[in-house]
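Reviewing the structure listed below.
The values are calculated or read from the model by the stated rules, or taken from the named source; none is laboratory data. On a predicted model such as this, the values are computed, not experimentally measured, just so you know. Glycine also receives a Cβ, built like all others from the backbone with ideal geometry; neighbour counts cover every protein chain displayed. Keep in mind that these areas ignore ligands, DNA and RNA; they rest on the heavy atoms of the full protein, side chains included. Shrake-Rupley method; radii C 1.70, N 1.55, O 1.52, S 1.80 Å.
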Amino acid sequence: MYKRQDVLNYTVFFENDPAFATAHAQVVDIRIDMPDARLLDEFKLGTYTFANRSFEMPNEPNFYSLRLDCRDSLDIYVDVLAGMDVEKNQTFWHFSSIDPESGHAPWEVDRGMLPVNDSTHVGEGFVTFRLKPYEEMVTGDTISFFANILFDSNDTLQTNRWCNRIDAEAPVS
């Protein structure tokens with residue numbers, strides 16, 4: 001159980017699984033439908049990783065946009081867009097591979113932001129975020145959601161559902 005004033009930390013893991021993947025993922029899109037819009041009031045973005053590289057988001061923003069220069073390891077740029085969509089009551093992370101010469105997605109299947117996974121874990125990544133329960137939550141209320149992850153133009157994959165139960169009041173003895 002979590003107290004109403006606790007900050008809840010979440011991590012969404014993703015993998016370009018060699019059992020299914022035959023090419024680098026050039027686009028990875030992660031979306032979470034929030035069960036209540038009030039959860040977005042205290043939503044903050046955190047660390048993200050992919051292809052054995054880790055990145056911090058300074059000052060835990062609720063919106064983030066950056067072009068990463070990954071030419072040294074992946075021979076591409078990676079555009080990162082993350083934040084919350086208050087109209088859809090959704091949080092999102094969108095990673096796009098950009099060919100430095102053309103300014104468009106690479107045409108080669110072996111160039112992208114997330115290689116097929118191997119024993120070095122190069123095909124794995126994660127995003128983190130945090131939020132706080134809202135004031136109106138009472139003991140027994142839950143915060144429950146799952147992430148939808150899209151690799152390129154494949155079918156959307158759904159993560160396991162995560163559920164936290166809230167303990168809003170101090171214990172009585």
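Among the candidates LEU45, LEU74, LEU66, single out the residue that is under 24 Å from GLU101 (Cα atoms) and part of a strand (DSSP E or B). Before the answer, list the steps.
Values: LEU45 fails: under 24 Å from GLU101 (Cα atoms); LEU74 fails: part of a strand (DSSP E or B).
Only one candidate passes the filter, namely LEU66.
I'm trying to understand the selection: among the residues of region 118-155, which are closer than 15 Å to ARG31 by Cβ and open to solvent by 80 Å² or more (accessible area, probe 1.4 Å)?
ASN154, ASP155, listed by residue number.
For ILE166, state whether it is over 24 Å from ASP17 (Cα atoms), touching a helix residue (DSSP H, G or I) at 6+ places or on another chain (Cβ under 8 Å) and surrounded by 15 or more Cβ atoms within 10 Å (Cβ to Cβ). Don't jump to the end; show me each part of the working.
Numbers: over 24 Å from ASP17 (Cα atoms): yes; touching a helix residue (DSSP H, G or I) at 6+ places or on another chain (Cβ under 8 Å): no; surrounded by 15 or more Cβ atoms within 10 Å (Cβ to Cβ): yes.
No: the conditions fail for ILE166.
Specify the residue that is farthest from TRP107 (Cα to Cα); the eligible residues are those in region 7-42 that are more than 11 Å from the chain's Cα centre (by Cα) and part of a strand (DSSP E or B).
LEU8
Enumerate the strands (runs of 3 or more DSSP E) found wholly within region 104-173, keeping only those where 1 or more residues are modelled with pLDDT under 95 and either within 20 Å of TYR48 (Cβ to Cβ) or in contact with a strand residue (DSSP E or B) (Cβ under 7 Å, 6 or more places away or on another chain) (or both).
Numbers: elements: 124-131, 142-145, 147-151, 162-167.
Passing ranges, in order: 124-131, 142-145, 162-167.
If TYR2 satisfies every condition in (1) aromatic (Phe, Trp, Tyr); (2) modelled with pLDDT of 95 or more; (3) closer than 30 Å to VAL138 by Cα but one, which is the exception?
It fails just one condition, (2).
Please determine whether any residue of region 46-56 is at pLDDT below 95, closer than 26 Å to VAL7 by Cα, in contact with a helix residue (DSSP H, G or I) (Cβ under 9 Å, 6 or more places away or on another chain) and open to solvent by 80 Å² or more (accessible area, probe 1.4 Å).
The answer is no; no qualifying residue exists.
Cβ-Cβ below 7 Å, separation at least six or inter-chain, first residue in region 30-56 and without any contact (Cβ under 8 Å) to a residue 12 or more places away in the chain, second open to solvent by 10 Å² or more (accessible area, probe 1.4 Å) and assigned to a strand (DSSP E or B): which pairs?
SER54/THR47; GLU56/THR47
Could you check, for region 76-83, whether at least one of its residues is without any contact (Cβ under 8 Å) to a residue 40 or more places away in the chain, surrounded by fewer than 17 Cβ atoms within 10 Å (Cβ to Cβ) and aliphatic (A, V, I, L, M)?
So far as region 76-83 goes, yes, one or more of its residues are without any contact (Cβ under 8 Å) to a residue 40 or more places away in the chain, surrounded by fewer than 17 Cβ atoms within 10 Å (Cβ to Cβ) and aliphatic (A, V, I, L, M).
Cβ-Cβ under 6 Å, sequence separation 6+ or interchain: first residue in region 147-166 and under 20 Å from VAL109 (Cβ atoms), partner open to solvent by less than 100 Å² (accessible area, probe 1.4 Å) and in a loop (DSSP other than H, G, I, E, B). Which pairs?
Listed by first residue and then by second, the contacts come to LEU150/THR156; ASP152/GLN26.
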